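Just below is one structure, and these are the notes that go with it.
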Amino acid sequence: MGIKSYCFKKSLWLYHFAGASCNNCDIEVLDCLTPRYDVERFGMLLIGSVRHADVLLVAGSINKKCKSRLLEVYHQAPKPLVVVAIGACGITGGVFAEGNTFAGPVDKIIPVDVYIPGCPPKPEAILAGIVNFLNKS
Amino acid sequence: MKQKTIIPVGPYHPLQEEPELFKLFCDGEIVTDIEWETGYNHRGIEKINESKTFEQVFFVVERICGICSTSHPFAFANAMEEIAQVKVPDRAKYIRTIIAELERIHSHLLWVGLAGHFIGYNTVFMWAWKYREPILDLFEIITGNRNSYAMFKIGGVRRDIDEKDYSKILKILDGVKPKAEMLMKAVIDDPVIHMRTKGIGILTKQDILDYCAVGPTARASGVDVDIRRDDPYAAYPLVNWKVIVTQEGDVFAKAVVRFLEIFESISIIEQCVEKLRKDPPGQIDVKVKNIPEGNGAGRAEAPRGEVFHYVITDGSNSPVRHKIRAPSYVNVATFKKSCVGQTISDATLALAAVDPCYCCTERMAHVYDSRTRQRVLDGRGLIQLSQQRTQTLKKNLFGKNT
Ligand code: SF4
């Protein structure tokens, strides 16, 4: 068992980073916590500080102003870390890719492990994405 | 000189989903001034729109803000219809109104949940978000997506509501009504919530007028504005409903306004569905071939207040200029009034009370010590402070064992 799979064997803690998003992806991430989807039953917890996180969820496109913040957040996080790009915006920039403030999709800035497409992806899709990754590793 | 502490909240804080930076200037526990910094969410949408066709602009404006993903297309459609001088068929008007009101219900429930979370009542958060789910299911039934509905186009709507869906809509709304009532009673009768929200973050009528605040923020301070009534559009003049206004201007009043609006919205939707039922299925859009040169303004009442879109066209198929003003843009400015003089734990609540949407306005806070520049509190600390306060109040009220 590699160190990576060892680290992700038990309860994952999630940190959610909202870039220049439209909020929908962020709301769907929060939705995963609420009674219908309830990720807490799997031991997943949304936490307020990236220093305690196993998973970094990045939603939304990244603009010039929040790019440095994303790097800062990434460097503060303990490794190994799963980075999940959520939504069309996180993966390619989506409708905002043409914007004059766009600073590149998430994977151009930090390494990304999981891509969850959709605009916005459904909460089920977000859960499935993370679970699939865990099964693989 | 007197020492002041700066508490920065943000830009990435657990208080709100979106990034923004608030700096609270504090003297002891009391907030004496506030500054905020935005731009973390700037996407250059107005500029992007200039390179899109009118049909495509709808999909972009829908993604300005995911929570009000009807209001922006609605206002844009109003502006374009003003330029093209088209009359929208009645059936399309009713469908538009239904979608817009469903959105208001889900948005207000979302706010109630978040407000509950801020004061440390996670039960309210979980409840409100649970009862919001059936509304999202309804969206999925009608439009095929939980958010970002893609229902609008110039001259009408993209999809009709199926006849067999009427009863589903009414049934789900019937289910939501008692739940919302229960939630409202739980919030309004709770003595701890009274102590936390009454008299907090008061905005007087004059403040509202000075800062041009709109929507439920204004209506909770006795300013009777509502675009749905003042500048009628879609099916609002065709159904019976009333504008909810309260006088106190504090956080509690804002919660009451939002709760009562949920019930108004349910009644509007029910009336619209009845009208749709009576009319046989018919036209849902008019074909618009050319958009002439001109300019038009469109307004719509989003869950947070007035959305304003201004479009200039030159006879081609894309806008020359598209100006968007979202309600939070004006509402956020009222923080200067509502937070100053409050304790830090109340300030977070006052910040949340206007239901700011930073994706619309495009904005977080940390507390720093002004001498050492060390971070003393961040968003998380602020929430904890707020939650602790509720707990102490609870203890004092009900004794030790609660
Ligand atoms: S992917 Fe879609 S829903 Fe998600 S932030 Fe981007 S525009 Fe919004």
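The values are calculated or read from the model by the stated rules, or taken from the named source; none is laboratory data. Values in this document were obtained by computation on a predicted structure and should not be read as measured data. Quick reminder, even Gly has a Cβ in these numbers, built from the backbone with ideal geometry, and neighbours come from all protein chains shown. The accessibility values were calculated without ligands, DNA or RNA, using every heavy atom of the protein model including side chains. Shrake-Rupley method; radii C 1.70, N 1.55, O 1.52, S 1.80 Å.
Below is a table of values for the structure above.
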item: Hits in the stretch A:92-137 (condition: part of a loop (DSSP other than H, G, I, E, B), more than 14 Å from chain B (Cβ to nearest Cβ) and away from the ligand (no atom under 15 Å from the Cβ)); result: A:110, A:111, A:113, A:137
item: Count of the stretch A:8-61 residues which are within 11 Å of chain B (Cβ to nearest Cβ), open to solvent by less than 10 Å² (accessible area, probe 1.4 Å) and in a helix (DSSP H, G or I); result: 7
item: Any hit, the stretch B:149-161, residues being in contact with a Lys or Arg (Cβ under 8 Å, 6 or more places away or on another chain) and within 14 Å of another protein chain (Cβ to nearest Cβ); result: yes
item: Single residue of the stretch B:305-338 satisfying the filter (at pLDDT 85 or above and β-branched (Val, Ile, Thr)) that is surrounded by the fewest Cβ atoms within 10 Å (Cβ to Cβ); result: B:320
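This table checks each residue for (1) within 22 Å of the chain's Cα centre (by Cα); (2) within 17 Å of residue B:249 (Cβ to Cβ); (3) hydrophobic (A, V, I, L, M, F, W, C).
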{"residue": "B:167", "(1), (2), (3)": "no, no, no"}
{"residue": "B:190", "(1), (2), (3)": "no, no, no"}
{"residue": "B:208", "(1), (2), (3)": "yes, yes, yes"}
{"residue": "B:232", "(1), (2), (3)": "yes, no, no"}
